[in-house]
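Visitor: Before I ask anything, let me first share the structure, which is written out below as structure tokens.
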Amino acid sequence: MGDKHSDDIVSSSASQEFILPADCTNDDKELQWAFRKLDATLLAVIILSNVLNSMDRSNLGLSKVAGLEGDTGMSGSDFNIVVSAMYPTYLLFMLPSNLVLRKVGARFWLSFITVIWGIINMSMAFAKNKTDFIICRLFLGAAESGATP
């Protein structure tokens, strides 16, 4: 247990092993500072992402109040169908998206799905009817599924 190699390994929560340089130990102050800085940065990005996600979800409700149903010709429960259309693809793509995240890395994958999520949200501005909204919401569910592993 006390050999040099086993002391230089730090396990992450994803059960991957990262080998640290020989001069770094788990008690090294600089290493702790680096991890703390990284954690603070990631936490800020995750909080911002969740705030934008909740704003996105509330904007659809606000657009209903502003006259979305009348502008797009929806009636009755059409709006409820549009709102709930994202959940089947959200559930369907959750596991594959997290497998891709593990394979290609968080840096690329989270950036990619964030850009795709933004493009899909912008494309909802050009939706003219119920079908357009449902298609956008289906793609939105697929894009959002990888944001919350």
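Visitor: Restricting to the range 69-101, count the residues that are surrounded by 15 or more Cβ atoms within 10 Å (Cβ to Cβ), farther than 20 Å from residue 144 by Cβ and either at pLDDT 90 or above or not β-branched (Val, Ile, Thr) (or both).
Guide: Residues in the range 69-101 being surrounded by 15 or more Cβ atoms within 10 Å (Cβ to Cβ), farther than 20 Å from residue 144 by Cβ and either at pLDDT 90 or above or not β-branched (Val, Ile, Thr) (or both): 3 in total.
Visitor: Can you tell me which residues in the range 44-68 are within 23 Å of residue 146 (Cα to Cα) and either touching a residue at least 60 places away in the same chain (Cβ under 8 Å) or of a type in the set (A, V, I, L, M, F, W, C) (or both)? So that I can check it myself, show each step before the final result.
Guide: Quick first cut of the range 44-68, residues within 23 Å of residue 146 (Cα to Cα) only: 44-60.
Result: 44, 45, 46, 47, 48, 49, 51, 52, 53, 55, 56, 60.
Visitor: Now a separate question. Taking the criterion of being within 30 Å of residue 38 (Cα to Cα) and either open to solvent by less than 70 Å² (accessible area, probe 1.4 Å) or in contact with a helix residue (DSSP H, G or I) (Cβ under 9 Å, 6 or more places away or on another chain) (or both), would at least one residue in the range 122-129 satisfy it?
Guide: Taking the range 122-129 first, the residues within 30 Å of residue 38 (Cα to Cα) are none.
Taking every residue of the range 122-129 in turn, none turns out to be within 30 Å of residue 38 (Cα to Cα) and either open to solvent by less than 70 Å² (accessible area, probe 1.4 Å) or in contact with a helix residue (DSSP H, G or I) (Cβ under 9 Å, 6 or more places away or on another chain) (or both).
Visitor: Kindly check whether there is at least one residue in the range 76-89 that is small (Gly, Ala, Ser) and in a helix (DSSP H, G or I).
Guide: Of the range 76-89, the ones small (Gly, Ala, Ser) are 76-77, 84-85.
Checking the rest, the ones that are also in a helix (DSSP H, G or I) come to 84.
Yes; the residues of the range 76-89 include at least one that is small (Gly, Ala, Ser) and in a helix (DSSP H, G or I).
Visitor: Collect the residues in the range 106-121 that are polar (S, T, N, Q) and free of Cβ contacts under 8 Å to residues at least 24 places away in the same chain, keeping them in residue-number order. Break it down into steps so the answer makes sense when it comes.
Guide: Residues of the range 106-121 polar (S, T, N, Q): 111, 114, 121.
Within the range 106-121, just 111 meets the criteria.
Visitor: While we're looking at this one, here's another question. List pairs: first residue in the range 122-143 and touching a residue at least 24 places away in the same chain (Cβ under 8 Å), second residue crowded, with 19+ Cβ neighbours inside 10 Å and not in a helix (DSSP H, G or I) anywhere in the structure, Cβ distance under 8 angstrom, at least six positions apart or on different chains.
Guide: What qualifies is 133/85; 134/85; 137/85; 138/85; 141/85.
The values are calculated or read from the model by the stated rules, or taken from the named source; none is laboratory data. Every value quoted in this text rests on a predicted model; they were computed, and no experiment measured them. Counting neighbours? That spans all protein chains shown, and the Cβs are built from the backbone with ideal geometry, glycine included. Protein only, heavy atoms only, side chains kept; ligands, DNA and RNA dropped before computing areas. Shrake-Rupley method; radii C 1.70, N 1.55, O 1.52, S 1.80 Å.
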